[in-house]
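The structure appears below as structure tokens.
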Amino acid sequence: MSITAVRRVNLRTQVLDQLREAILDGQLTVGEHLNETELASQFSVSRGTVREALRALEQAGLAESASHGRLVVRSFDATEVTELYEVRSFLECGAAVRLARSTDREAKADALAEALPAEDPSDLSEAVEQDLAFHRRLCELSGNGLLLAKWLELQDQMRIVIVAGAMNEGADIPVIVTRAHHEPLVRMLRSGGEDGIIRAFADHMSRAGSFWVSRMGA
């Protein structure tokens, strides 16, 4: 591989990483036009480098084609959000059942409790990250590597939905990402039967999906 090729890949990766971060923290909002020429000028790189980064964003489900050939930050309609949370429910209910069946159930419940969101997060960004970190930890503790990998594949899409909906809440931290909303899940893992655990996690995901759908057009 030539030095020139290495530099080109590095540039593309840098542009991709910065665009991805800007989308996931809400600096680039859903539906916003990702103008190839403007971005090339902003990053001081070629349009080809930007084009490759944008193609990667599209493949990752963070950007989508719009009218007149434009590429925009992906938005999610009610059906897509509902389906996303249905898949999350399948994965996380499965993870919770694996924890319930483990021989060290109490220790794993303790480990999950350590990942509970803070009582008073400093800002919206921290609250969203802590919410996702809790659910990611649940999947890690399941011990099923494929389950965790599938959850991680959806993580960026989850964050877009949550950040877009949360921004419609103004300065308030949405109750759906708070510690109080997650504590009952840990309690159920400690003492509940499998049926109760499945119901608790399925209800948690259903309520979260409905919450973000209701915030989409707020």
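The values are calculated or read from the model by the stated rules, or taken from the named source; none is laboratory data. Here the structure is a predicted model, which is why all the values come from computation and not from measurement. We place every Cβ from the backbone using ideal geometry, glycine too, and count neighbours over all the protein chains shown. Heavy atoms of the whole protein, side chains included, go into the accessibility calculation; ligands, DNA and RNA do not. Shrake-Rupley method; radii C 1.70, N 1.55, O 1.52, S 1.80 Å.
With respect to the conditions (1) open to solvent by 30 Å² or more (accessible area, probe 1.4 Å); (2) in a helix (DSSP H, G or I), Leu112 falls short on a single one, namely (1).
Scanning the range 132-148 for residues that are in a helix (DSSP H, G or I), open to solvent by less than 10 Å² (accessible area, probe 1.4 Å) and of a type outside the set (A, V, I, L, M) gives Phe134, His135, Cys139. If you go through the range 73-109 and pick out every residue that is outside any helix (DSSP H, G or I) and buried (at least 19 other Cβ atoms within 10 Å of the Cβ), you end up with 3.
The residues of the range 115-131 that are open to solvent by 50 Å² or more (accessible area, probe 1.4 Å) and among the polar types (S, T, N, Q), listed by number, are Ser122, Ser125. Count of the range 149-205 residues, restricted to those that are over 26 Å from Arg105 (Cβ atoms), part of a helix (DSSP H, G or I) and open to solvent by 70 Å² or more (accessible area, probe 1.4 Å), is 3. For the range 26-59, the candidate set comprises residues that are among the charged types (D, E, K, R) and in a helix (DSSP H, G or I); within that set, the residue that is surrounded by the fewest Cβ atoms within 10 Å (Cβ to Cβ) is Glu38.
Taking every residue in the range 111-136 that is in contact (Cβ under 8 Å) with a residue 24 or more places away in the chain and pairing it with any residue that is among the polar types (S, T, N, Q), at least 6 positions away or on another chain, the pairs with Cβ-Cβ distances below 7 Å are Pro117/Gln130; Pro117/Thr178; Ala118/Gln130; Pro121/Gln130; Leu132/Gln155.
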